[in-house]
Structure formats: structure tokens, C-alpha cells
């Protein structure tokens, strides 16, 4: 399944992505219950936001799967969807905008130098333990939202990454059981202010400018991804492919990361683990390739789709 958070007319709600539109999951579930004669339990059983859905576990995801199957079948049978749009059940993609799939995660945990070639291009040693830093939820952007270049920095860099979204709470998770705690995957661009990042040994400021982490386009549930450790990952800036790698080259893979992190803190539904960027980042190029207003940054991960963000100047 492809789960999204969408915006329309000032509201933000939970949806399922189809080929050409978005299904509002709570309203669609209410529709399905009504036609099964089972009353209206939709507000109790189908949340309107992502973290609550993931916290509902397999039962909640099962309701989503059933709902989407019914709606997709009816969409094929009925060409006129105007009534459904008026009832807020289904919208064409051009009638909504996509927000970050998980807009309010409890934690955003990021990995540094988790590809050997990236560690080498930055002049550092190959890590023997994960390099971990955190982002704030205020950095998140939707998959097509503009990336603002902040007034405080002109050294803004791209970092295309695959991110893991946690679906099941756990602490002291065993590596062999780690994948049971994964809800799915999405793309994250770990946009970085290199001057602020490199001022000290701590990366927090350089990684936490507001609106600096586009994510999406959807949370692809794990059954849709045969092997998250064999996905092509590319970053294209204004038509130039600058990163081209594969997640098979991760130094620390997902099960190890989940086990390692859960020794320190509990992982909760909706937490995001961004697995690190491959080589090809802008600040090591000669001359450096920093983002500027007018650029467009596209990050592709095979099986997960793409995010595509224009770059603009920060509003005064």
C-alpha cells in the first residue's frame, strides 16, 4: 500500500495513493461500513493521521487494505467520481497537495557516513559504529514542496536517502526480529547547511534549518518492497545526476540499526530512521555544487517513487 498525508482546503488528512488520485481513508472506511450495514465506527477504527494508524498495527492496516481494495474496484467500475469528490472520499491528485507522509514523528533519526564511498569522499574514516544525529519535525517538507535557501547560509547541500518508518514499538529489539518493527519506507532528502554543520563537531544546527527535509512521496508499506537493501538511489539537480548508488552498499543495514538504536531508546510507531546518503554530495565537488534558487532537486529510489522539489529563496 501507498499511504500519504494530504492537504486540501486548509485541512491535513490521511490517505491512500492510487495511480491517479488520493482516497481519504477515514471517509472511505465509513462508506464501506455503511454499504456492509455495519454502522458507523469509522472515527473510532480508522484514524485521520498517520502515527495513530501505525500505532493500530496489523488490525488497522488490514482495515486500510480492505478499504482501498473496495474503493479501487469501484473506481474502475465508475468513471464519474464527481460525487465521491463532493463527499470527500476521493480526489484527483491535482485537487490536493501531498504533505510529509509522517508529518509529526516522535523522532527523526539520521545516519551519517553510512556508505563507504561517501565516507571516503568526505575525507573521513570508515565508521565502525553508526554515526547518529537527530532532526526535528519542523524540518519536514512534502514531496513536491519548495526548499527555501535560508538567509543565514549559502552552502546548502542535497543528500538523497532511503528512510525507514517504524510501525511497532520496541526496546532492546533483537536484530533477527528487527524487520517486524518496520511499517515501510519512503524517500528523504537530508538537505544540509554545510557551513553550520562544519562549525563544530556536532551537526545539529546544520541539519535542522526549518523546511529542509523533503519526504515522500508516500509511505510504501513493507510488503511492497521485496528487498530494501537492493534499491537504486539517485539524486538529480537541475537535470544533472549527481548521486547514483544502491542501498546494497549501506555499511550498517536496517536490522542492525534498529537493534542498535533500540538499545538506547524505544522506537515508536511513526519514528523515522533515515539511512544515510551515498557519494556525490555537493560540498566535496570541485567546484562545490551548492543549491541555489531556481534549482530543482529530484531524488529517486527504485520501488519508492521520487520526490521533486524546486529551490527558492527564503521569504523575508
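Quick notes on this structure:
- Scanning segment 283-300 for residues that are buried (at least 19 other Cβ atoms within 10 Å of the Cβ) and in contact with a helix residue (DSSP H, G or I) (Cβ under 8 Å, 6 or more places away or on another chain) yields 289, 290, 291.
- Checklist (1) more than 22 Å from residue 246 (Cβ to Cβ); (2) buried (at least 24 other Cβ atoms within 10 Å of the Cβ) applied to residue 162, failing item: (1)
- Scope segment 34-67; condition in a helix (DSSP H, G or I) and at pLDDT below 85; matching residues: 34, 35, 36, 42, 43, 44, 45
- Condition met for residue 70 (touching a helix residue (DSSP H, G or I) at 6+ places or on another chain (Cβ under 9 Å), in the same structural domain as residue 20 (by TED's automatic domain parsing) and either part of a loop (DSSP other than H, G, I, E, B) or surrounded by fewer than 22 Cβ atoms within 10 Å (Cβ to Cβ) (or both)): yes
- Applying the set (1) within 18 Å of residue 185 (Cβ to Cβ); (2) surrounded by 19 or more Cβ atoms within 10 Å (Cβ to Cβ) to residue 256 leaves exactly one unmet item: (2).
- Residues of segment 103-119 classified as surrounded by fewer than 19 Cβ atoms within 10 Å (Cβ to Cβ) and within 19 Å of residue 253 (Cβ to Cβ), total: 2
- Residue 100 fulfils the conditions (1) assigned to a loop (DSSP other than H, G, I, E, B); (2) buried (at least 21 other Cβ atoms within 10 Å of the Cβ); (3) at pLDDT below 95 except for a single criterion, (3).
- One residue from 86, 18 being under 21 Å from the mean Cα position of the chain (by Cα), farther than 30 Å from residue 198 by Cβ and either in the same structural domain as residue 211 (by TED's automatic domain parsing) or modelled with pLDDT under 90 (or both): 18
- Of the listed requirements (1) touching a helix residue (DSSP H, G or I) at 6+ places or on another chain (Cβ under 7 Å); (2) surrounded by fewer than 16 Cβ atoms within 10 Å (Cβ to Cβ); (3) more than 21 Å from residue 105 (Cβ to Cβ), residue 240 misses just one: (1).
- Test: residue in segment 134-145 that is outside any strand (DSSP E or B) and within 17 Å of residue 281 (Cα to Cα): no
The values are calculated or read from the model by the stated rules, or taken from the named source; none is laboratory data. Here the structure is a predicted model, which is why all the values come from computation and not from measurement. All Cβ positions, glycine included, derive from the backbone under ideal geometry; neighbour counts span all protein chains shown.
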